[in-house]
Amino acid sequence: MPADVVTQAREDDEPQVILRATGVRKRFGSRVAVSDVGLELRRGEALAIIGPYGAGKTTLLEILAGAQRADSGTVERPRSGVGWVPQRLSIYTRLTVLENLRLFAQLEKVPAPEEAVRRMLILTGLEERKNDTVSKLSGGNRQRVNVAIGLLADPAVLLLDEPSAALDPRQRARFWAVIDRVLAARRAVIFTTHDVAEAARHSTRLLVLADGQELFAGPAADLVVQSGTAPGADLETSVVSFLHARGH
Amino acid sequence: MLRLALKDLRILARSRLLVLTLILYPALVALLIGLALSRAPEQPKIAVVDQIPRDVPVTTLAGDIVDPASVADALVKNLDAVRVPTRAQAAKLVKDGDVLAAVILPDDINDRLSATINLFGGTPPEIEVLVNGSDPVKARYVKSVVDARIADANLKISTTLTKVVASYLTKLLNGGRLSFGDQIRIDVLGLRESKQRIDAARSKLPPGSPERRRLAAVSEFAGLALDSLDGSANSILSAVSQPLQVKQTSVDGRDTPLETFAVATAAIVSLMLVSLMLGAALLALERTEHTYARLVRGLVRPESLIGSKLLLAGGLGAAVAFALLGIVSAFVPLDWSSAQSWLLALVLGGAAFAALGVALAVLARDVETATLLAFALALPLAFLALVPQNAVSAGLYDVIRVISAAFPFKPALDGLQRGLDGEQLGGAALHLAALAAVYALAARLGLRRLRT
C-alpha cells in the first residue's frame with residue numbers, strides 16, 4: 001500500500017462523501033499512533049473524534065489535513081481543499097489580525113484575497129479588532145483568528161483540533177456560533193475534543209479512538225446503547241463505560 | 001518567498017529593541033573601532049625609581065662620554081613614568097594597582113656601566129622590575145613592555161660599545177692617545193707607523209742579512225693586518241652589535257595593514273552575529289508560533305521557506321556590516337572603488353551564516369534555544385578562526401583549520417580582507433557559496449524530518 005495516496009473526492013454527487021479516509025496507519029517508532037482507521041464525511045455533517053489522551057486523534061486529523069504523512073492508507077479530499085485549524089494557535093502573534101489573514105489569503109492563493117479577508121472578519125466577528133496585534137487578543141479571539149485562517153480558502157471541509165480547549169464558557173459559545181454558521185453554509189466539520197458533552201451537542205456523528213484504533217463510529221445514541229449503561233445515563237458515563245469494557 | 005521575507009521583516013520591525021540594536025550596533029562598533037585605530041595607544045603606566053647619579057658621566061677609553069641618564073631615558077621611553085624616590089613606594093603603587101609595574105634603576109649603574117663599556121669585566125648593570133604577580137595576564141603584558149624597553153637600552157649601550165671598540169681599533173691602526181680617566185693617558189704608535197718604521201730600518205740593513213729577513217716577515221704581517229682591518233673594522237663591529245637585520249616579504253603578495261584587518265574582523269563579527277542569529281531565530285519563530293506545519297501543508301515549499309530566511313537574515317547582516325564599514329571609513333581610509341567586492345563578500349558571508357543559523361534552528365524547538373545555540377557556537381568558532389599558525393601545535397592547528405573551513409567566519413574574513421585590499425575575492429567567494437549551499441541543504445533535510 002502506498003504511504004500516502006491522496007485523490008480527489010467527488011463534490012457534485014450530493015449527499016455523497018466529500019472526504020474519505022481508508023485504512024490509514026501511522027507509527028512513530030515502535031508506537032502505533034493510528035491503526036487502520038477509515039471514515040467518510042458528507043456536506044453539512046459534523047464529526048466529533050473523541051478518545052483518551054494518546055488515542056491518535058490529532059495524528060489522524062493532521063493526516064486528513066495533509067500536515068502529516070500516513071505510513072499507509074488513502075485520503076480523498078475535496079477539490080476545494082481542506083481547512084485546518086491546529087490544536088495550538090498557528091498564527092503570527094506579532095502581526096495584526098488583518099495582516100495574518102492577508103498573508104494566509106495570499107499564500108493560499110485565494111482568488112480575491114481582500115474579499116475573503118473581509119468575509120472572514122464578518123464571519124468571526126473580528127472586524128473591530130482587525131488592526132490589533134494578535135498578542136493583544138483574548139484566547140477566544142485568537143482562536144477565532146485561527147479558525148478564520150482555516151476557512152479563508154472557502155474549503156468544503158474544516159478540520160478543528162480541540163478548538164475549544166483553551167476557551168472559557170462565553171468564548172466557547174461564541175466560537176460554536178461561528179462553527180454553526182460554517183455548517184449552515186453546507187460545509188462539513190471534523191473536530192476532536194475531550195469534552196463528550198460538547199461532542200454530542202455539536203456533532204452529528206462520533207468517532208471513538210483508543211490507542212490508535214477505531215472503536216466506534218456512528219451517532220451518539222448508538223454509543224449509549226452499545227455501552228450497556230442504564231437507560232437515562234449521560235453520554236460521558238456511557239463513553240467511559242464503553243472504553244472500560246474494551247480495556248481502555 | 002518574498003512575501004514570507006516581508007512578513008518576517010514586519011515582525012522584526014515590531015520589536016523596537018531589535019530595530020534599535022540593528023541600527024545602533026554597527027554605529028557603536030564602528031565608532032569604537034574607528035577611535036581605537038585612529039588614536040595612539042595608551043602608554044603603560046610604570047613607576048620609576050631613578051637612583052642614577054646624574055653628575056657622574058661614564059667616560060670610555062676613547063674619550064667618549066656616555067650619560068647613564070640617556071640609558072634611563074631609553075628605558076622609560078613610551079611609558080607613562082611615575083617617578084618615585086624609593087623602592088618601597090614603588091612596590092606599594094604596584095601592589096595597589098596604581099601602576100602596572102615598577103623599574104628600579106640602581107645607584108651603582110655608573111660604575112658597572114663604566115666597567116662594561118671599557119671592557120674591564122665585572123657584573124653588568126642590573127635593573128630590577130616589580131610586577132603584581134596576582135594578575136598573570138597583566139604580568140605577562142608588563143614583562144613584554146619592560147623587555148622591549150630594556151632591549152632598547154641594551155641596544156643603545158651596545159652601539160656605544162661598538163663605537164668604543166672601533167675607536168680602539170682605529171687608534172691601534174693609525175696611532176693616537178688612549179685615556180684612562182683624567183690622569184692616565186697613553187700614546188699609541190699605531191700599526192701603520194710601526195710598519196713604516198720597520199720598513200725604513202730594514203732598508204738600511206745589508207741585503208741577505210738574517211735581521212733583514214726577520215724584519216721583512218714582521219713588515220709583511222703588519223701589512224696584512226692593515227689590509228684586513230683598515231676600513232672593514234667598523235662594518236664588522238656593527239654587524240656584531242646587530243647581527244640580525246629584518247627584511248619582511250609577504251609570500252602571498254598581500255600586505256594587509258593591521259587597521260584593515262581590524263576593520264574586516266569587526267565587520268565580519270557583526271555580520272556573523274546578525275545573520276547567524278537572525279537565521280536561527282526566523283526559522284525557530286515558525287516553530288514557536290506553530291505556523292511551520294500550516295505553511296508547509298501545501299502553502300509554501302520548504303525551499304522557499306529557507307530561502308526567505310536566508311534572504312532576510314543574510315541581507316540584514318550584510319547591510320549592518322556594510323553600514324559599519326561606511327562609518328569606520330570616517331576614521332580609517334578605505335578604498336571605496338572596491339566597494340562592490342566588499343559587498344559581494346558580505347552578501348555571500350551573510351548567506352552562509354544565515355544558512356548555518358537556519359540549519360541550527362532545525363535542531364531547536366523555540367527562538368530562545370535556537371539563538372542561544374547559534375551564539376554559543378559562533379563565538380568559540382570565530383575565536384578559533386583567528387588563531388595564527390604556529391601559535392599551537394601542528395596537529396591541533398590542522399584540526400582548527402578543518403573546523404574553520406567548515407564555519408563561514410574565516411572565508412568571510414578572507415574575502416572581505418581581499419575586497420578591502422582591492423583584490424578579487426577568488427576562492428573565498430566559492431568557499432562561502434559552497435558553505436551556504438551545504439547548510440541550506442542540511443536545513444532542508446532537517447525540515448523533512450520535522451514534517452513526517
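The values are calculated or read from the model by the stated rules, or taken from the named source; none is laboratory data. None of the values given here were measured: they were computed from a predicted structure. Backbone-built Cβ (ideal geometry, glycine too); neighbour counts: all protein chains shown.
Within the range B:401-412, the presence of at least one residue that is assigned to a helix (DSSP H, G or I), surrounded by fewer than 17 Cβ atoms within 10 Å (Cβ to Cβ) and without any contact (Cβ under 8 Å) to a residue 12 or more places away in the chain is confirmed. Considering the range A:82-118, the residues that are closer than 22 Å to A:Glu162 by Cβ and surrounded by fewer than 21 Cβ atoms within 10 Å (Cβ to Cβ) include one that is nearest to the chain's Cα centre (by Cα), namely A:Gln87.
For the range A:68-81, filtering for residues that are buried (at least 23 other Cβ atoms within 10 Å of the Cβ) and facing chain B (nearest Cβ under 9 Å) leaves 0. Take the range B:157-183 and flag every residue that is assigned to a helix (DSSP H, G or I), modelled with pLDDT under 75 and surrounded by fewer than 17 Cβ atoms within 10 Å (Cβ to Cβ). Listed by number, the list is empty, since nothing qualifies. If you filter the range B:363-400 down to residues that are over 21 Å from the mean Cα position of the chain (by Cα) and not in a helix (DSSP H, G or I), you find that the one that is modelled with the lowest pLDDT is B:Arg365.
Taken as a whole, the range A:151-159 holds at least one residue that is closer than 14 Å to A:Arg102 by Cα and modelled with pLDDT under 85. In this structure, A:Ala210 does not satisfy being without any contact (Cβ under 8 Å) to a residue 24 or more places away in the chain and among the small types (Gly, Ala, Ser). Is one or more of the residues making up the range B:330-349 more than 14 Å from every other protein chain (Cβ to nearest Cβ), among the aliphatic types (A, V, I, L, M) and more than 27 Å from B:Leu381 (Cβ to Cβ)? Yes, there is a match, as at least one residue in the range B:330-349 is more than 14 Å from every other protein chain (Cβ to nearest Cβ), among the aliphatic types (A, V, I, L, M) and more than 27 Å from B:Leu381 (Cβ to Cβ).
Exactly one residue out of A:Ala156, A:Ala67 is touching a residue at least 24 places away in the same chain (Cβ under 8 Å) and of a type in the set (Gly, Ala, Ser), and it is A:Ala156.
Does B:Leu450 satisfy the condition of being among the aliphatic types (A, V, I, L, M), over 30 Å from A:Gln68 (Cβ atoms) and modelled with pLDDT under 90?
So B:Leu450 does not fit the description; no.
Does A:Leu152 satisfy the condition of being within 16 Å of A:Pro86 (Cβ to Cβ) and of a type in the set (A, V, I, L, M)? Against the criterion (within 16 Å of A:Pro86 (Cβ to Cβ) and of a type in the set (A, V, I, L, M)), A:Leu152 qualifies. Residues in the range A:85-121 that are within 12 Å of chain B (Cβ to nearest Cβ), in a helix (DSSP H, G or I) and under 27 Å from A:Leu60 (Cβ atoms): A:Asn100, A:Phe104, A:Leu107.
Checking each residue in the range B:281-309 for being in a loop (DSSP other than H, G, I, E, B), among the charged types (D, E, K, R) and at the interface with chain A (Cβ under 10 Å from one of its Cβ atoms) picks out B:Glu289, B:Arg297.
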